[in-house]
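Peer 1: Quick one: structure below, then a few questions.
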Amino acid sequence: MRLTGEQFDLELLQEKHTDSLFEVASEPSNWTYMTRKMHNKHDMKLIVEEALKLHQQGDTMPFIVKRKRDGAIVGSTRLYDISPRRKTAEIGSTYYSESVRSTGVNTECKYLLLTYAFETLGVVRVQFKTDEQNKAARKAIQKLGAFEEGILRNERKLPDGRVRNAAVYSIIKEEWPEVKAKLTERIEFKKKGHE
């Protein structure tokens, strides 16, 4: 399965992507706020295997992010906690190569995932959660047009022993048309070479 964008495509994760993702994910800045750590290729192999297992169970759609101009894998993102019964999903587990940050990659990838969630899966709500301390992720989520719902205190214990609070955001189906229009404008603006 492929979700096609202007500058980036999302393709379902496969085991063969492990080495390329390791190269992207080996940048330490990708793991500062993640709920698990990646120290070596074996860790990445386990992360990919877990994502594929969750995909087989129908709960998760893990994607690689592929740059269209050269076919390079430049990141990963997921649509997960997909509930056909509740008509909800969550977007997260996202990381990008430093080489594509500030290029519009996040806007385009989230646009593709949100479009798929609302217009194909028919969800009524898409949720985002991030570490309360992760200012960059919080700003990026807000720029998507997501509504900040609050903070989940002591949401989970992290591999380094720290207990994190999670900032929770959402976009609901009634907001999607306006959010979609604004994201489309931002993608077009980036496409024309603007910041």
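Matching residues to (1) within 21 Å of Lys191 (Cα to Cα); (2) at pLDDT below 90; (3) surrounded by 14 or more Cβ atoms within 10 Å (Cβ to Cβ):
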{"residue": "Glu15", "(1), (2), (3)": "no, no, no"}
{"residue": "Met34", "(1), (2), (3)": "no, yes, yes"}
{"residue": "His39", "(1), (2), (3)": "no, yes, no"}
{"residue": "Leu52", "(1), (2), (3)": "no, no, yes"}
{"residue": "Gly58", "(1), (2), (3)": "no, no, no"}
{"residue": "Ala72", "(1), (2), (3)": "yes, no, yes"}
{"residue": "Leu79", "(1), (2), (3)": "no, no, yes"}
{"residue": "Thr94", "(1), (2), (3)": "no, no, yes"}
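Peer 1: Identify, from the list Phe8, Phe63, Phe22, the residue that is of a type outside the set (Ser, Thr, Tyr), modelled with pLDDT under 95 and either in contact with a Leu (Cβ under 6 Å, 6 or more places away or on another chain) or surrounded by 15 or more Cβ atoms within 10 Å (Cβ to Cβ) (or both). Please lay out each step first, then the result.
Peer 2: Working: Phe8 fails: modelled with pLDDT under 95; Phe63 fails: modelled with pLDDT under 95.
Answer to the check: Phe22.
Peer 1: Kindly evaluate Tyr96 against the criterion of being in contact with a Leu (Cβ under 8 Å, 6 or more places away or on another chain) and of a type in the set (Phe, Trp, Tyr).
Peer 2: On the way: in contact with a Leu (Cβ under 8 Å, 6 or more places away or on another chain): no; of a type in the set (Phe, Trp, Tyr): yes.
No, not satisfied.
Peer 1: Now a separate question. I'd like to check something: does the range 55-77 contain any residue that is in a helix (DSSP H, G or I), farther than 22 Å from Ala167 by Cα and over 13 Å from the mean Cα position of the chain (by Cα)? If you could, list the steps in order and put the result at the bottom.
Peer 2: To start, the set of residues in the range 55-77 that are in a helix (DSSP H, G or I) comprises 55-56.
After this cut, where a residue has to be farther than 22 Å from Ala167 by Cα as well, the list is 55-56.
Checking the rest, the ones that are also over 13 Å from the mean Cα position of the chain (by Cα) come to 55-56.
Scanning the range 55-77, I find at least one residue that is in a helix (DSSP H, G or I), farther than 22 Å from Ala167 by Cα and over 13 Å from the mean Cα position of the chain (by Cα), so the answer is yes.
Peer 1: Inspect all residues belonging to the range 142-152 and state whether any of them is surrounded by 14 or more Cβ atoms within 10 Å (Cβ to Cβ), under 18 Å from Gly92 (Cβ atoms) and among the small types (Gly, Ala, Ser).
Peer 2: yes
Peer 1: Next question. Scan the range 48-71 for residues that are in contact (Cβ under 8 Å) with a residue 40 or more places away in the chain and over 21 Å from Phe128 (Cα atoms) and report the count.
Peer 2: 4
Peer 1: Need pairs with beta-carbon distance below 8 Å; first residue on the phi > 0 side of the Ramachandran plot and within the range 102-115, second of a type outside the set (Val, Ile, Thr) and outside any helix (DSSP H, G or I); sequence gap 6+ or separate chains.
Peer 2: Sorted first by the residue in the range 102-115, then by its partner, the pairs are Ser102/Glu195; Gly104/Gln7.
The values are calculated or read from the model by the stated rules, or taken from the named source; none is laboratory data. What you see is a predicted model; the values in this text were computed from it and never measured. Counting neighbours? That spans all protein chains shown, and the Cβs are built from the backbone with ideal geometry, glycine included.
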